[in-house]
Amino acid sequence: MKKTDNVKKTDRTNKADRFKGLKKFLKIVGLILGSVLLIVLLFFGYINLPVKEVSTKAVIGTTFSLRYAQDIGLDWRQAYVAMLDDLKIRYIRLPVYWDKVETADGQYDFADLDWQLDQANQRGAKIILAFGQKTPRWPECFIPQWVGSDDAKRKADLLAFEKTILERYKNNHSEIIRWQVENEPFLDFGVCPPIDPALVDSEVAQTKALDSSRPIMLTDGGEATLWIEPAKRSDIFGTTMYREVISPRFGYWRYPWGPNFFKAKQLFVRIFAHQKNVVVIELQGEPWIQGWTTSAPVETQLFSMNATILADNVAFAKKTGMKEVYIWGVEWWYWMKTQQNNPTLWEQAKNIVQANASSN
């Protein structure tokens with residue numbers, strides 16, 4: 001046999017071996033991709049399985065923002081009292097707006113916050129006090145102008161502010177049942193400084209050191225995050241729950257899953273963050289539209305949120321198994337009732353609170 005024939009034979013053998021190796025590699029890749037696809041399909045199927053209507057009652061609460069009430073032209077005190085006395089809501093999350101409370105370095109105005117807490121206390125209402133540089137309502141972060149642009153100074157000033165809040169309210173305020181440290185601190189949303197886990201850790205540590213008698217809550221977005229970071233740092237974890245959103249590219253977008261999606265995420269943080277206490281801290285109860293809500297035509301607002309959708313969202317939240325549901329939008333319901341002569345959402349909210357009242 002010629003030497004060239006041996007070379008050709010060896011070359012053919014090498015090519016065959018390479019081809020077999022490539023086939024084996026592609027087969028492994030195919031198996032991996034197929035397995036991943038199967039898992040995705042099974043998960044998607046699970047999160048869209050029908051869930052029976054829940055007859056058990058849940059704690060129904062809300063977030064009240066004096067800032068937003070003022071922004072939409074309401075007498076915020078009147079709206080707050082109506083929420084307490086007409087809706088009879090007894091579980092309320094109150095944001096502490098840094099720029100409104102510490103009006104200058106070391107100068108504080110507690111009048112509005114004290115009044116809200118006193119009104120709640122008189123009626124036996126329970127308060128989640130939310131403080132930090134990031135608190136509910138747009139633009140999310142409310143850092144006073146006097147803080148300036150120095151990053152280290154901002155952090156030191158923030159911790160000093162929170163220490164003042166905690167020392168003022170930790171005693172003789174039984175209406176406060178838990179502290180919320182920041183609002184969605186691991187979600188990149190709003191006009192805010194960059195996400196800073198070390199700062200959050202310092203805030204949590206200080207809160208625990210100053211008051212170990214109350215649990216600490218951290219929160220996160222419900223749909224596009226894994227919850228791990230805030231869940232592992234908190235005694236109670238709060239998720240948002242928005243079923244329909246709007247984006248410039250797709251317009252109105254409804255998330256394609258059912259209550260089991262949130263059951264799966266609860267299991268996820270139970271396993272990976274050792275977190276068993278998960279509540280709905282912000283359930284969609286207000287329109288999500290382009291621009292400022294109350295500037296849009298009322299018909300547009302009611303297309304996004306109305307009494308029927310509100311009741312359906314509460315039923316959805318209860319199906320997730322979470323026992324506390326804080327509905328977002330009480331200021332807007334009151335605006336619709338008093339400014340637009342449309343009390344349908346207000347009355348629906350009243351029905352929802354009454355239907356769940358025996359567990360509160």
In segment 48-93, trypsin sites (Lys or Arg not before Pro) in a DSSP loop with at most 12 other beta-carbon atoms within 10 Å: 52
Which whole-Hz couplings ³J(HN,Hα) result when phi for each residue of segment 142-153 is put into the Karplus expression 6.51 cos²θ - 1.76 cosθ + 1.60, θ = phi - 60°, listed in order with x for Gly and Pro? 10, 8, x, 5, 5, 5, x, 9, 6, 5, 5, 5
Electrostatic dipole magnitude of the chain [Cβ: Lys, Arg +1; Asp, Glu -1; Cα centre; debye, to 20]: 2960
Okay, helix-only estimate at 222 nm for the chain: each DSSP H run of n ≥ 4 adds -39500 (n - 2.57), divide by all residues, round to 500 deg cm²/dmol; what do you get? -15000 deg cm²/dmol
Which net charge results for the neighbourhood of residue 247, defined as the other residues with beta-carbon distances under 15 angstrom from its beta-carbon, given Lys and Arg at +1 and Asp and Glu at -1? +1
Identify the trypsin sites (Lys or Arg not before Pro) of segment 127-174 meeting these criteria: DSSP loop state and at most 14 other C-beta atoms within 10 Å of the C-beta. none
Would you please classify the overall shape of segment 106-177 from the alpha carbon gyration tensor, given that a ≥ b ≥ c denote the square roots of the eigenvalues, rounded means a/c under 1.5, and beyond that prolate means a/b larger than b/c while oblate covers the rest? prolate
Looking at the chain, which longest stretch skips every one of the chymotrypsin sites (Phe, Trp or Tyr not before Pro) that is in a DSSP loop with at most 10 other Cβ atoms within 10 Å, leaving the sites themselves out? 1-249
Kindly write out, for segment 314-322 in residue order, the coupling ³J(HN,Hα) from the Karplus curve 6.51 cos²θ - 1.76 cosθ + 1.60 (θ = phi - 60°), rounded to whole Hz, with x marking Gly and Pro. 5, 4, 4, 4, 5, 5, 6, x, 6
Rounded if a/c is under 1.5, else prolate if a/b beats b/c, else oblate: with a ≥ b ≥ c from the C-alpha gyration tensor eigenvalues square-rooted, which is segment 136-291? oblate
Express the relative contact order of the chain as a whole percentage, based on alpha carbon pairs under 8 Å and six or more residues apart in sequence. 20
Is the shape of segment 58-359 rounded, prolate or oblate, going by the alpha carbon gyration tensor and its root eigenvalues a ≥ b ≥ c, with a/c under 1.5 for rounded and a/b larger than b/c for prolate? rounded
What do you get for trypsin sites (Lys or Arg not before Pro) in segment 249-340 restricted to DSSP loop and a cutoff of at most 16 other Cβ within 10 Å of the site's Cβ? 249, 276, 323
Counting alpha carbon pairs within less than 8 Å and at least 6 residues apart, what relative contact order, in whole percent, applies to segment 259-360? 30
Say the dipole of segment 58-359 comes from +1 at the beta carbon of Lys and Arg and -1 at that of Asp and Glu; which of 294, 234, 267 then lies farthest toward its positive end? 267
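FYI, it's all coordinate maths here, none of it is from the lab. Fair warning: this is a prediction, and the values are worked out from it, not measured in the lab. Quick reminder, even Gly has a Cβ in these numbers, built from the backbone with ideal geometry, and neighbours come from all protein chains shown.
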